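First comes the structure, then the notes that go with it.
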Amino acid sequence: MGERGHVTVIGAGVVGVATALCLVRDGFDVTVIDRDGPGENCSFGNAGMICDTSSAMPLPSSKVVRDLPRMLMDRKSSLHIRWSYLPALMPWLLVFLKSAGARQRLHNARVFHALLDGAVESWERLVDGTQGAALIRKRGLAIVYETEGGFVSAAADRAILRELGAELAELNGAEVRQSEPQLSDAVAAATFLPGVNHTVNPYRLTRAVADSVVAAGGVVETATVTGIEVSDGRVRTLRTTAGERKVDRLVVSAGAWSGRLAKMLGIRVLLDTERGYHTVFHGTDSGLRLPLIHGEQGFGMNQMDEGLRIAGSVEMAGIDAPADYARADILVERGRGLLRDFEPEPSARITRWMGRRPTLPDYLPALGEVDGLANTWFNFGHQHLGLTLAARSGEVTANLVAGRDPGLDLGAFRPDRFHR
Ligand SMILES: Cc1cc2nc3c(=O)[nH]c(=O)nc-3n(C[C@H](O)[C@H](O)[C@H](O)COP(=O)(O)OP(=O)(O)OC[C@H]3O[C@@H](n4cnc5c(N)ncnc54)[C@H](O)[C@@H]3O)c2cc1C
């Protein structure tokens, strides 16, 4: 064992591998354990945006609450709750509703802003001098609106973000088409966020980070963690499908499944999953230079290296329910109208995917040490921004494991904040 000791990281999604790379560069011996290969779950199919502080406004808002009853009835709405899952979701939903109040939302935005601040730079440090750097583009992001009303209804959020120091520009339809000629006349207005970067392939980026972990001396192991043994306030052993693993220090970064691992530690976290979908038109060049978000519907469009990806949607149905790929088709229906002349080759291969965003009801991750366990840290629950925050929260976690001040007040991110 190296001088600094050994850290086991559960989860080889983008959050786990980024954390592992920060730790291994810090001088720790690191083993990442995942039941699948790196990046094969939620980190596989996201929209690829690495956002800055202009994404600090949390999803729960008075508008979402107003729209909830309609969303419950409408299978096609951008946020949908399966009726059969509603009773199980209730405790989560009640905190969601509380988080939507104007004062609480502003408080959460400020706290989240502090975590997002530096996320883009953390990614730059993480991939500097590695294969991952070639997968990131620095072009900004356009949030496009089909109606003036939609654009105007986001004005209050824009004002808060500006006050917090975020950079954003307001464009009319003609102006945004000048920056992005592929946009159709359906686009009435846009907010341009110049500080947002994007990757052309989130899966390859996650793999590249995992490769960097191994190149730096870390280990990535395939096994499922099935049990955790704790004694005298320390995690001692993991039971896995590949046998027992002794633990010196432990980081839990298992995305949407982290609640199950927390339960093995006797800790309750109010984590649920917002299931999202994508469709990729392989080999199709949409001509899009900028990644887009549909302002009214909240989904993303991004020209990836493999083709055009349309990704988004929120479905609350629990971790294990089968996918409903009709939701991916709805995004395509709504997305293609934004593009001028979008006609994929009739022979284009089209794939659909469902991924599970790990989300706590106040939309703040669980980040930091765990009460009552001296050698364990949580780092999960990054909701719609797990790619964005992987490097930043990896650095924060490495600081904590090394016993350094992370330079950020982590009080609002306490993993057990809903059960104290
Ligand atoms: C449609 C969609 C679009 C998105 N777009 C964006 C975007 O543009 N920008 C952005 O920043 N974010 C985006 N996100 C969110 C982002 O993808 C997630 O927040 C992020 O991938 C979560 O990463 P993770 O490492 O926490 O989880 P995951 O990638 O799911 O990794 C968790 C890993 O833990 C492993 N694991 C779980 N339990 C065990 C166990 N018992 N034993 C061993 N291993 C275990 C799993 O196998 C898995 O590989 C999007 C998400 C979706 C669904």
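The values are calculated or read from the model by the stated rules, or taken from the named source; none is laboratory data. Owing to the predicted nature of the structure, the values given are computational and were not obtained by experimental measurement. In this analysis, Cβ positions are derived from the backbone assuming ideal geometry, glycine residues included, and neighbour counts consider all displayed protein chains.
Here's the yes/no breakdown for (1) more than 12 Å from the ligand (Cβ to nearest atom); (2) surrounded by 17 or more Cβ atoms within 10 Å (Cβ to Cβ); (3) closer than 30 Å to D29 by Cβ:
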{"site": "V247", "(1), (2), (3)": "yes, yes, yes"}
{"site": "A256", "(1), (2), (3)": "no, yes, yes"}
{"site": "M304", "(1), (2), (3)": "no, yes, no"}
{"site": "R309", "(1), (2), (3)": "no, yes, no"}
{"site": "G318", "(1), (2), (3)": "yes, no, no"}
{"site": "A321", "(1), (2), (3)": "yes, no, no"}
{"site": "L331", "(1), (2), (3)": "no, yes, no"}
Only unsatisfied item for G150, checking (1) out of contact with any strand residue (DSSP E or B) (no Cβ under 9 Å at 6 or more places or on another chain); (2) away from the ligand (no atom under 16 Å from the Cβ); (3) of a type outside the set (S, T, N, Q), is (1)
Expected single match for farther than 30 Å from V213 by Cα and without any contact (Cβ under 8 Å) to a residue 60 or more places away in the chain among G165, G149, G129 is G149
Out of (1) over 26 Å from L93 (Cα atoms); (2) more than 8 Å from the ligand (Cβ to nearest atom), the one M57 does not meet is (1)
If we ask which residues in region 160-179 are under 21 Å from A114 (Cα atoms) and crowded, with 16+ Cβ neighbours inside 10 Å, their number turns out to be 5
So, N379, is that one assigned to a strand (DSSP E or B), more than 13 Å from the ligand (Cβ to nearest atom), touching a Gly at 6+ places or on another chain (Cβ under 9 Å) and in contact (Cβ under 8 Å) with a residue 12 or more places away in the chain or not? no
Checking P365, P406 in turn, the sole residue that is more than 17 Å from R268 (Cα to Cα) and modelled with pLDDT of 95 or more turns out to be P406
Looking at T130, is it surrounded by fewer than 18 Cβ atoms within 10 Å (Cβ to Cβ) and over 19 Å from G337 (Cβ atoms)? yes
Contact list, first residue from region 1-28 and within 23 Å of T241 (Cα to Cα), second anywhere and more than 16 Å from the ligand (Cβ to nearest atom) and aromatic (F, W, Y), beta-carbon distance below 8 Å, six or more apart or interchain, is H6/F28; V7/F28
Exactly one of A189, A208, A242, A216 is closer than 26 Å to G255 by Cβ and crowded, with 20+ Cβ neighbours inside 10 Å, and that residue is A208
Does G368 fit the bill of being surrounded by fewer than 24 Cβ atoms within 10 Å (Cβ to Cβ), closer than 22 Å to L23 by Cβ, of a type outside the set (K, R) and in contact with a helix residue (DSSP H, G or I) (Cβ under 6 Å, 6 or more places away or on another chain)? yes
If we ask which residues in region 278-307 are farther than 19 Å from E146 by Cβ and over 16 Å from the mean Cα position of the chain (by Cα), their number turns out to be 14
Residue pairs within 7 Å by beta carbon, gap of at least six or interchain, first lying in region 112-123 and among the charged types (D, E, K, R), second part of a helix (DSSP H, G or I), listed first then second, are D117/T53
Just one listed residue, out of G13, G39, is in contact with a Cys (Cβ under 9 Å, 6 or more places away or on another chain) and either near the ligand (Cβ under 10 Å from one of its atoms) or on the phi < 0 side of the Ramachandran plot (or both), and it is G13
Picked from region 42-54 (must be aliphatic (A, V, I, L, M) and near the ligand (Cβ under 6 Å from one of its atoms)), the residue nearest to A109 (Cα to Cα) is M49
Of (1) in a strand (DSSP E or B); (2) buried (at least 16 other Cβ atoms within 10 Å of the Cβ), T351 fails just (2)
Filter region 16-36 for residues that are near the ligand (Cβ under 6 Å from one of its atoms) and among the acidic types (D, E); the one that is surrounded by the fewest Cβ atoms within 10 Å (Cβ to Cβ) is D36
A careful count of residues in region 152-176 that are out of contact with any Asp or Glu (no Cβ under 8 Å at 6 or more places or on another chain) and assigned to a helix (DSSP H, G or I) gives 14
key: Check on P358, over 19 Å from E40 (Cα atoms), within 13 Å of the ligand (Cβ to nearest atom) and touching a His at 6+ places or on another chain (Cβ under 8 Å)   = no
Quick count over region 397-420, residues being among the hydrophobic types (A, V, I, L, M, F, W, C) and either buried (at least 23 other Cβ atoms within 10 Å of the Cβ) or more than 23 Å from C51 (Cα to Cα) (or both), is 6
